[in-house]
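Report on one structure; see the data block that follows.
The values are calculated or read from the model by the stated rules, or taken from the named source; none is laboratory data. Treat the numbers as computed from the prediction; the structure is a model and nothing was measured. Cβ placement follows ideal geometry from the backbone for every residue including glycine, while neighbour counts extend to all protein chains displayed. Ligands, DNA and RNA are excluded from the accessible area calculation, which covers all protein heavy atoms including side chains. Shrake-Rupley method; radii C 1.70, N 1.55, O 1.52, S 1.80 Å.
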Amino acid sequence: MRITCPHCDERAITRTSRRPLPVFYEVFAQCTNPHCSWSGKLQVEFVTTTNPSRTPRDDINIPVEPASRRALIEQLTPTQS
């Protein structure tokens with residue numbers, strides 16, 4: 001994932017990050033443009049599932065997006081001949 005500065009659109013680099021929850025990251029970034037020098041915190045969250053895990057954890061619940069849910073139901077529904 002490429003992160004760009006919200007002010008000057010130059011590349012921003014990750015200085016550090018932490019993961020307080022299995023589905024959430026806090027990323028501390030800094031602009032590489034010396035004339036800008038912005039730095040800040042980004043939040044990255046896993047919000048939907050497009051393909052279920054083959055090794056799911058009981059304590060993780062990321063909702064399946066509607067289009068993927070329909071496709072999964074169609075795959076699991078027996079076809080009538």
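Could you sort 7, 35 by their accessible area in this structure, using a 1.4 Å probe and putting the largest first?
35, 7
For the chain, what does the relative contact order come out to in percent, with C-alpha contacts under 8 Å and a separation of six or more?
Relative contact order for the chain comes out at 19 percent.
Find the eigenvalues of the gyration tensor of the Cα atoms of the chain, then list the square roots of 5 times those eigenvalues as equivalent ellipsoid semi-axes, largest first, in whole angstrom.
After diagonalising the Cα gyration tensor, the semi-axes are 39, 16, 8 Å.
Using a 7 Å offset from the Cα along the Cα-to-Cβ direction at both residue 74 and residue 3, what is the distance between the two label points in nm, to one decimal?
About 3.8 nm, to one decimal.
On a full-extension model of 0.36 nm per residue, what is the gain between residue 21 and residue 50, subtracting their alpha-carbon distance, rounded to one decimal in nm?
The residue 21-residue 50 span can extend by a further 8.4 nm.
Taking a label point 7 Å from the Cα of residue 35 along the Cα→Cβ vector, which residues of the stretch 1-20 have an amide N closer than 20 Å to it?
4-13
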